[in-house]
1. If eta is 1.002 mPa s and T is 20 °C, what Stokes-Einstein diffusion coefficient results for region 10-94, Kirkwood Rh from Cα pairs, in µm²/s?
2. Sum up the charges of everything whose Cβ sits under 12 Å from the Cβ of Val79, counting Lys and Arg as +1 and Asp and Glu as -1, but leave Val79 out.
3. Would you grab the residues whose amide H sits under 5 Å from the one on Leu32? Only those 5+ places off in sequence or on another chain, please, with H modelled 1.01 Å from N.
4. I'd like the carbon and sulfur percentage of the solvent accessible area for region 12-101, probe radius 1.4 Å, heavy atoms only, ligands and nucleic acids excluded.
5. Given 0.36 nm per residue, what is the gain on full extension from Thr48 to Arg92 after removing their alpha carbon distance, in nm?
6. How large is ³J(HN,Hα) for each residue in region 23-34, as worked out from phi by the Karplus curve 6.51 cos²θ - 1.76 cosθ + 1.60 (θ = phi - 60°), to whole Hz, x for Gly and Pro?
7. What nm value, rounded to one decimal, do you get for the distance between Lys74 and Leu56 when each label is placed 7 Å out toward the C-beta?
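The values are calculated or read from the model by the stated rules, or taken from the named source; none is laboratory data. Given the structure is predicted, the values throughout are model-derived calculations rather than measurements. Methodologically, a virtual Cβ is constructed for each residue, glycine included, from the backbone with ideal geometry; neighbour enumeration extends over all protein chains shown. Side chains are part of the model used for accessible areas, which takes the heavy atoms of the whole protein and leaves out ligands, DNA and RNA. Shrake-Rupley method; radii C 1.70, N 1.55, O 1.52, S 1.80 Å.
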Amino acid sequence: MIRRPPRSTLSSSSAASDVYKRQVQDSSTNQLIFKTEYLIHWVSKFMTLSVGDIILTGTPPGVGCFRKPPLWLKPGDVVKCEIEGIGAIENRVAQSLSPSKL
């Protein structure tokens, strides 16, 4: 169940990413260029937001290709992205298809 956080915490919630329950990114929504409330307001001008909609905003520090050594996702990895008080989403990395199979 998605809980609506108190208004004052939308722009200061923790944002984290885990790969197989190992935290690889840790930041806060206050690091976004645009505040959460503004993003929701702006997107709402162009479309109706529904439960489950996702607004993509970029990624916090910790991107795999810039790690030493680099951390690359591979088929079977489970990636969980979570914003405190809003919710989480999990995705399993699938095997890529060759262009001839698309």
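1. Diffusion coefficient, whole number: 151 µm²/s.
2. +1
3. Here nothing satisfies the definition.
4. 60
5. 13.0 nm
6. Calculated HN-Hα couplings, in order: 5, 10, 9, 8, 8, 9, 5, 6, 8, 5, 5, 10 Hz.
7. 2.6
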